[in-house]
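Laboratory data are not the source of any read-out in this text; all were calculated from the coordinates shown. Note that the structure is predicted; figures quoted are calculated from it, not measured. Here the Cβ is made from the backbone with ideal geometry for all residues, glycine too, and neighbour counts use every protein chain on show.
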Amino acid sequence: MATIVGTVYLSGCNYQVGYDLLGQNTAGNYSTVRFYGILNVTGTYVSWSRGTASVWGASAGLATRYNRGSYTVVTQDVNIGHDNQGNYSGTISGSLSTTFVSGTASGGFSLPSIPRQANVTGATDFTDEQNPRITFSNPGGFRINARLEFGGTNIRRDNIPNTGSYTFNLTDSERNLLRSKTPNSNTMTVREVIATCIGGTTENYWSWQDKKMTIVNANPTFSTFDFEDINPKTIALTGDNQVNINGYSNIKVTIPVENKAIAKKSATMNKYRLSIGTSTTDILYSDTKDVSGTINSATSGTYNLYATDSRNNSTLVTKLAKKVIDYTPVNVNSVNATATRDSNGVGKKCTVSFDGTFWNGDFGAITNHLENITYRFKKTTDNTWVTGTSNITVTVDKNKFSFSGKLKSNNENPDEWDLDSTYNIEITISDTLSSSVLNLVLNSGIPTIALAKNGVGIMGKYDESAGGLLQIGSIPIDQYIQNIINKGGN
């Protein structure tokens, strides 16, 4: 039964155009349609001396009389091509022309879509060790190809079964190809494609989803390295370059070429990173020679070495020192340390007192001990230091030491220090590994008030030879005042 899409109403009748879908050719992407021109007589009858009817470009002559009823007066069978998406919409037009009446009928119509391309309905992220799977619909039943597209190349499977899904069972060489296209990252975008071929092997349509491939289990192969303390001073104390004096040993790590790290899955080696305590250093990778790096004053006996590739994957190898010695440096108690003059602070002789602690353990080759105590001094107003000549011998009790004694100056009488000068004194206490410096100040010996048998001195000693009840700076008061007046008069 025809589908009517247009009607024109005339005297005693009307004229209609319509169509029937006779069939569709999927491969050819066209539909076979029959178009109709229909005369409907609504009165008792219509008549004319001559007339024609047309539809979709086809025409036919009319009889001269039609009684009440419906008459198909013209038909046309046509193959109509669809667009690339398998769709078609158009207009049907037809006319009735007689000596009595005439008119045109038209109307739009759409044909069912003809399935064309296959479409991807799902795809999977995958690792380089898995097989990616793609799902699709292929209502047209055409030949289809499947592809993985990446890095300017592809892995292709042609003429796959139309079963709604396909799994790429990758070969080793195909997996290596995927890996080779992402040497600097553990991930890569892979386009998973279904291509449709219509009427042969040439691809006409494509559908895809972009998914992520992840490189897994690709950390470099790396298993060992060499290490040694290269600080001559600490080696002399321990007698073993595999021992670490915490905070003092300089640890050198070496990776012999025969033990070099090897990158996996098309990555390249980048570097090594040595980490000891809070310190790190990078070591350039070499494929052909030994490489090494050093961390000075290592603060741990745990040596972590990371081998890192171009994807930033790393393998950690850890080694431990044979022994870690937690040595502590010499410590002087500066709060208790003093430098004083005799005669209640106004004498010419200097007495120094100090105490402290040191580590009295065994390094291995040598037991630690205090080795050397020296001093130097200078007047506070000078820039040049003078090396002291007194021997400072401390009293040692287990890990404690102390000293109280007089120090010499560099005067003609070295037992005396100038009364009118303030001195900086620097004392250095050393054991077999470290030193500690103690800074002291010896104040001048000028008294603020000096009481004597015959008078009082202010800001200086009382000069018995000058006399008087009161002296300022060892000058009698009357002379001191006269000196001020004389300076004012000038």
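Structure data summary
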{"read-out": "Packing rank of 381-391, 353-363, 69-79, where each peptide gets the mean count of other beta carbons within 10 Å, highest leading", "value": "353-363, 69-79, 381-391"}
{"read-out": "Cα-based radius of gyration of the range 331-442 once divided by 2.2 N^0.38 Å, which approximates compact folds", "value": "1.14"}
{"read-out": "Principal semi-axes in Å for the range 263-388 [√(5λ), Cα gyration tensor, largest first]", "value": "53, 19, 12"}
{"read-out": "Formal net charge of residues neighbouring residue 195 (Cβ-Cβ distance under 11 Å; K, R +1; D, E -1)", "value": "+1"}
{"read-out": "Integer Hz, Karplus 6.51/-1.76/1.60 couplings in order for the range 271-287, x for Gly and Pro", "value": "6, 10, 10, 9, 10, 10, x, 9, 9, 9, 8, 8, 10, 5, 7, 9, 8"}
{"read-out": "For residue 29, net neighbour charge (Lys/Arg +1, Asp/Glu -1) across residues whose Cβ lies under 11 Å away", "value": "0"}
{"read-out": "Isotropic mean projected area of the C-alpha convex hull, the range 226-325 (nm²)", "value": "6.1 nm²"}
{"read-out": "Radius ratio Rg over Rh of the range 383-442, counting only Cα atoms, Kirkwood formula for Rh", "value": "1.00"}
{"read-out": "Per-selection Kirkwood Rh - the range 119-214 (Cα, Å, 1 d.p.)", "value": "13.6 Å"}
{"read-out": "Protection proxy ranking, peptides 205-218, 164-177, average beta carbon neighbours within 10 Å, highest first", "value": "205-218, 164-177"}
{"read-out": "Computed [θ] at 222 nm, deg cm²/dmol, the chain (DSSP H ≥ 4; -39,500 (n - 2.57); rounded to nearest 500)", "value": "-2000 deg cm²/dmol"}
{"read-out": "Between the range 417-435 and the range 47-110, the alpha-carbon center distance in angstrom", "value": "125 Å"}
{"read-out": "For q = 0.13, 0.15, 0.20 Å⁻¹, Debye-computed log10 I/I(0) when each Cα of the range 33-180 counts as one equal scatterer", "value": "-0.73, -0.85, -1.15"}
{"read-out": "Under 11 Å, Cβ to Cβ, from residue 46 - net charge with Lys/Arg +1 and Asp/Glu -1", "value": "+2"}
{"read-out": "Distance from the range 317-391 to the range 1-35 (C-alpha centre basis), Å", "value": "115 Å"}
{"read-out": "In degrees, nearest ten, helix 477-489 long axis to first principal axis of the chain (Cα)", "value": "60 degrees"}
{"read-out": "Taking all pairs of distinct alpha-carbon atoms in the range 3-111, Kirkwood radius in angstrom", "value": "14.5 Å"}
{"read-out": "For the chain, the spread of Cα positions along each principal axis, largest first, Å", "value": "172, 74, 34"}
{"read-out": "For the range 249-277 and the range 161-199, distance of Cα centres in Å", "value": "34 Å"}
{"read-out": "Under 22 Å from the Cα of residue 379 - lysines, other chains or at least 8 residues apart", "value": "348, 349, 406, 408, 461"}
